[in-house]
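Here's the structure, in structure tokens; my notes come after.
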Protein chains: 4
Amino acid sequence: MNNKMNVPLSGIIPPLVTPLLDDDVLDVEGLQKLIEHLIAGGVHALFVLGTTGESQSLSYKLRVEMIKNTCRIAKGRLPVLVCISDTSIVESVNLACIAADHGADAVVSAPPYYFATGQPELIEFYENLLPQLPLPLFLYNMPTHTKVNFAPSTIQRIAENPGVIGFKDSSANTVYFQSVMYAMKDNPDFSMLVGPEEIMAESVLLGAHGGVNGGANMFPGLYVSLYNAAKNADIEEVRRLQEKVMQISATIYTVGQHGSSYLKGLKCALNLLGICSDYVAAPFHKFEQRERGKIWKALQNLGVDVVLR
Amino acid sequence: MNNKMNVPLSGIIPPLVTPLLDDDVLDVEGLQKLIEHLIAGGVHALFVLGTTGESQSLSYKLRVEMIKNTCRIAKGRLPVLVCISDTSIVESVNLACIAADHGADAVVSAPPYYFATGQPELIEFYENLLPQLPLPLFLYNMPTHTKVNFAPSTIQRIAENPGVIGFKDSSANTVYFQSVMYAMKDNPDFSMLVGPEEIMAESVLLGAHGGVNGGANMFPGLYVSLYNAAKNADIEEVRRLQEKVMQISATIYTVGQHGSSYLKGLKCALNLLGICSDYVAAPFHKFEQRERGKIWKALQNLGVDVVLR
Amino acid sequence: MNNKMNVPLSGIIPPLVTPLLDDDVLDVEGLQKLIEHLIAGGVHALFVLGTTGESQSLSYKLRVEMIKNTCRIAKGRLPVLVCISDTSIVESVNLACIAADHGADAVVSAPPYYFATGQPELIEFYENLLPQLPLPLFLYNMPTHTKVNFAPSTIQRIAENPGVIGFKDSSANTVYFQSVMYAMKDNPDFSMLVGPEEIMAESVLLGAHGGVNGGANMFPGLYVSLYNAAKNADIEEVRRLQEKVMQISATIYTVGQHGSSYLKGLKCALNLLGICSDYVAAPFHKFEQRERGKIWKALQNLGVDVVLR
Amino acid sequence: MNNKMNVPLSGIIPPLVTPLLDDDVLDVEGLQKLIEHLIAGGVHALFVLGTTGESQSLSYKLRVEMIKNTCRIAKGRLPVLVCISDTSIVESVNLACIAADHGADAVVSAPPYYFATGQPELIEFYENLLPQLPLPLFLYNMPTHTKVNFAPSTIQRIAENPGVIGFKDSSANTVYFQSVMYAMKDNPDFSMLVGPEEIMAESVLLGAHGGVNGGANMFPGLYVSLYNAAKNADIEEVRRLQEKVMQISATIYTVGQHGSSYLKGLKCALNLLGICSDYVAAPFHKFEQRERGKIWKALQNLGVDVVLR
């Protein structure tokens, strides 16, 4: 592991969108701007090729380009985490090796997502995967997409293996998250991260280490401030900033319908903010003019200057 | 409304178990002990005939007895909320009238739970129900059991009607709960309550008004202390007490299998604590000796003196 | 058991709608017309207070009236089955006793539907229920509404008890239905009935005994003919009639949205056919003029004379 | 399209298991034996890289080998269908081109399975995919794995595009399948295929064109006979053979637990029958000795000679 990554990994680790010019063309310039924007905003690490990064919608060639370019641009200024979730263990290992070769600091893996797995199968899968990985691993819980929840005891069991350094939960179920926190309470170096930004503050107040929050692509400083307020138990400031976060959630992520609203809204806003292209890979499409207008208005209501392109 | 109930209703409002001697026989003595135990523990109101109260498993005759006895024993010392959730609107109104006749302070209603309803149907249902109710109403979100989530905009819309004074969420999804909090932020008198005790503290830290927490049947003082710590933003104390709450959740509620573990464990523990009978109504059964031994050990690990019967 | 009911019960057993004048007022005249219409159409038995009968939306008083009036009108001309599904075992037994008192021939029970039950809990529930029942029992599988599927081995086990005479499956999953058929293949007197009319014919072709088909409320003769064609392995006739059944399914049941389209469409059509009121109990509502027009057109396309009211 | 493939494609099209020696090593000899076994059994086409073929668990390199070897071995003796389901449209097109290059006759595509798609997104996805495909397309409905059901109207709409020649449904919901049959009734050349072997016969009796049935890997002759009996409306023979199919389903596919029982049982049986290796790719594992003994006994109860290895 790269010596710049402290344990437990803490803070705001944005799940980068993958800026695209087409289904199979990376927007390299946009990625450069995005990373500089995030570093300027004070984020603590970068996380690429996650759900927000549309990894599954991208060809392997493009995933590799994304890893390569992110590591090149980040230049060791902060840790880079690469998501290697795949339905094929062979392809997961391939991606992990490529990540290591380009200087990434850790990998992140959600369970295979075509077949639904049981708990013993999850344990076997990770005990099979771990020895093949050249980098430390974060487990990633994403039950709506993978059809399985890591049981707290499954996480305990997998974490007994060397190289498992943290857990990211995107279930939105904080009863579950609290159960995992309780199960891992004797492993203070095990990083507990929460996906949905709407519940990052309350999770950090109760002891979580940070958030992998999509909105930090747009407003890294806001999420870093909210994280700091929660870490410092400054409740008044937490509530003030939480309202901004909820305003983003209630406006930017709810235009249109279907599960893809979050992704389309986020990419559209990043484009309006002058950061990167808003192209969304199949099976989705970027917003048309009408939805774009709504995002524009939402940004203005947030008091944000918008770069109209 | 009874003048003793402040708005917004705040604090710990335990969802009382219904002490039973048989499928259709109330354990009146147990109920008496339970209520005195709760009042001595400092709880802020009583909530009867909810999910923890096994309402749906009880005959109407028994539900009426439970309402009558609770109101008689509570004697106006604290507000009494009665859950009237039913698949039949006629029976819901019947229960509400009986609750009012015996001096209850408010009613609570989850959507009809046999047919799954859509959002417009939810609005129509409550706009149909409300004028027939003699008491103010809390909405109750329980999607695993009712097959529907109140959309935040549905709650806003229903709450425009007079008599809707709060919302209890048992979804365990705090992204959702934060969305409702945000949607209702301009109604400071609207009570926002959270069901699962594992997330009561974090919800109150972020602005919720209290919890309808099953564990408070056993240890009312613990949950009241945790509520107070959260209300006072005493994070250190919150984390100390939260660990106790998680220990309860991880031990008392996880013996046996199927969704009924929570209920069986709770009633078994109440019996071991000398409070009331552990009979569980069909379709469930109380724990046998082996599971009972596990609950007994869990209580001892919590440092609780157990009254062996 | 009434001696007029042969085993295994076979044929078309319509799940009667409950004709209503208001949420708590039975349309007795409509019920009379409906039953005469069904008997004239050649159906083999009547099934009341099922899902199509909106049982859960009705008060107990009304459920009793429905039982009483149905038995009175049917006058022993064909078997009457009464659904006693409830969340409370006490109320289920009450309904069964009332059914027996008025001369019904059998009861039907789906699992309690508020709490989700596991398989051992299902077995216990029915072994607890059975000795309390004065009439023979059909098990009723309705997983979308009860949150549980009877495992084939659970049905085998429950059916070892005396008094269990059949199974009605509304899962729409014919892989499952075939598994139950196979599990019960050595009990030739055990009646295997299928709920959805769209798959009645294919189920009967493979050996099922009949259908509890909602559309038979409107067109009893059509479903009886289809049943007979399937029973006689007249494939050409099956396919011809199946197309009519699918036309009904694709038009009458798909107006509007939400799960309630089937019920609203069916009651609206019955009203247009001059049979009974189209009032739908809360949480649903009858169709407005616009939807009513679509049902009217659908009936005309089916070549049916409509009695405009 | 290869001129040997008639429209609509009809009959038994086994979804081939992918014989493996390790997670990334094809059992070429086993594949050869399997294909000869299937052709000798009279199947009407071959379908590779479907769910039974564990496609998602395999590296792209291995998927390509599977396509190449299957086409080489089949040598045009019967049509070869290649499943190109992927989360990335770019990789789907890649696979389709490779399939065409090696002489496959058609491709099959289920919706992207990481993100859940809505109906309009499904239409867009396929209207985007179709012009990039060098071979005709079958749509593949697999809602448990892809999180979405093709609405009948969505299929109608997609099928208006040239090159869409059929539909394979693995939902097990025959109400749904009948709805699609009804929606497509005016396209007699559109092939309607059903996945689960337990319902192939009844679907063909009602007009479907055939089955993509996993059990045909083991006993191709049995499934071909059942198909022929159904096609010829020989109900007595259908019922006789259906009982064999149900015996297979109730024994070979139910050893062990979790969703993977079917796959593990099928591969274990193929191994015991002397056809190919029983290696199952991660996240699953092949059966251990104990489960293997049960499959062995199940085969003997079926009256099958087993080649013990």
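The values are calculated or read from the model by the stated rules, or taken from the named source; none is laboratory data. Keep in mind it's a predicted model, so treat the numbers as computed, not measured. Backbone-built Cβ (ideal geometry, glycine too); neighbour counts: all protein chains shown. Note: accessible area is taken over every heavy atom of the protein model, side chains too, but ligands, DNA and RNA are not part of it. Shrake-Rupley method; radii C 1.70, N 1.55, O 1.52, S 1.80 Å.
Of the DSSP beta bridges with both residues in the protein assembly as shown, give the percent that are antiparallel, rounding to the nearest 5.
10 percent
What is the distance in Å between the Cα centroid of the stretch B:219-234 and that of the stretch C:180-244?
61 Å
For chain C, what is the calculated [θ] at 222 nm in deg cm²/dmol (nearest 500), taking -39500 (n - 2.57) for each run of four or more DSSP H residues and dividing by its residue count?
Result for chain C: -13000 deg cm²/dmol, rounded to the nearest 500.
Going by the rotation axis that takes chain D to chain B, pick out the residue of D with the closest C-beta and quote the gap in whole Å.
Residue with the nearest Cβ, plus whole-Å distance, for chain D: D:Gln257, 7.
Averaged across C:163-172, how many Cβ atoms of other chains sit within 10 Å of each residue's Cβ atom?
Taking the mean over all residues of the peptide, I get 1.
Placing the label point 7 Å from Cα along the Cα-to-Cβ direction, what are the distances from C:His102 to the equivalent spots in the other copies, shortest first, in nm to one decimal?
2.9, 6.7, 7.2
Compute the distribution of all C-alpha to C-alpha distances in the stretch B:104-208, in bins of 5 Å from 0, and list the percent of pairs in each, rounded to whole numbers.
Going out from 0 Å in 5 Å bins, the stretch B:104-208 shows 2, 12, 26, 25, 21, 10, 3, 0 percent.
Please figure out what share of the DSSP beta bridges in the stretch D:1-142 is antiparallel and state it in percent, rounded to the nearest 5.
Rounded to the nearest five, the antiparallel share is 15 percent.
At the nearest 100 Å², what buried accessible area, both sides summed, do you get for B and A when the probe is 1.4 Å?
Buried surface at the B/A interface: approximately 2300 Å².
Is there a simple number for the mean count of other chain Cβ atoms within 10 Å of the Cβ of residues in D:176-183, and what is it?
5
Quick one: dipole size for chain A, taken about the Cα centre, charges +1 on Lys/Arg Cβ and -1 on Asp/Glu Cβ, in debye to the nearest 20.
Taking the Cα centre of chain A as origin, the dipole is about 620 debye.
Considering only protein heavy atoms and a probe of 1.4 Å, how much of the accessible area of the stretch B:11-233 is carbon and sulfur, as a whole percent?
Accessible surface attributable to carbon and sulfur in the stretch B:11-233 totals 52 percent.
Considering only the label points, 7 Å along Cα→Cβ from Cα, what distances in nm to one decimal separate A:Thr144 from the same position in each other copy, shortest first?
1.8, 2.2, 2.3
Run down the lysines and flag those whose C-alpha is under 24 Å from the C-alpha of B:Lys297, throwing out any fewer than 8 positions away in its chain.
A:Lys185, B:Lys33, B:Lys244, B:Lys264, B:Lys267, B:Lys286
Expressed in nm², what is the orientationally averaged projection area of the convex hull enclosing the Cα positions of the protein assembly as shown?
Convex hull of Cα atoms, orientation-averaged projection: 43.9 nm².
B:Arg239 versus C:Asp101, label points 7 Å from Cα toward the beta carbon: distance in nm?
Roughly 6.4 nm, to one decimal.
What's the longest uninterrupted piece of chain B once you rule out the GluC sites (Glu not before Pro) that are loop residues per DSSP with at most 16 other Cβ within 10 Å?
B:1-159
Dipole magnitude of the protein assembly as shown about its Cα centre, charges +1 at Lys/Arg Cβ and -1 at Asp/Glu Cβ only, in debye to the nearest 20?
Around 0 debye, computed over the protein assembly as shown.
P(r) tail for the stretch D:11-233, what percent of Cα pairs lie past 22 Å?
47 percent
Roughly how many whole Å is it from the C-alpha centroid of the stretch C:36-80 to that of the stretch D:60-115?
55 Å
In a Gaussian network model over chain A where Cα atoms closer than 10 Å are linked, find which of A:Val48, A:Val90, A:Val180 has the largest mean-square fluctuation.
Most flexible of the set in this elastic network: A:Val90.
At 7 angstrom along the Cα-to-beta-carbon line, where would the label on A:Arg239 sit relative to the other copies? Give the distances in nm, shortest first.
From this label point to the equivalent ones elsewhere in the assembly: 2.2, 7.1, 7.2 nm.
What residues in the stretch C:276-297 lose 10 Å² or more of accessible surface when the other protein chains are added to their chain alone (1.4 Å probe)?
With the partner chains in place, the stretch C:276-297 has these residues losing at least 10 Å²: C:Ala282, C:Pro283, C:Phe284, C:His285.
Whole number in Å², please: accessible area per residue of chain C, 1.4 Å probe, ligands, DNA and RNA not counted.
33 Å²
How high is the relative contact order of chain C, given as a whole-number percent (alpha carbon pairs under 8 Å, six or more residues apart)?
RCO, chain C: 19 percent.
Sort B:Asp186, B:Asp22, D:Asp27 by heavy-atom solvent-accessible area, probe 1.4 angstrom, most to least.
Largest to smallest exposure gives the sequence B:Asp186, B:Asp22, D:Asp27.
For the stretch B:1-133, state what percent of all Cα-Cα pairs lands in each successive 10 Å bin, counting from 0 Å until the bin that includes the largest distance.
For the stretch B:1-133, the binned pair fractions read 12, 44, 34, 10, 0 percent.
Counting only DSSP beta bridges with both residues in the stretch B:11-233, tell me the antiparallel percent, nearest 5.
The answer is about 10 percent antiparallel.
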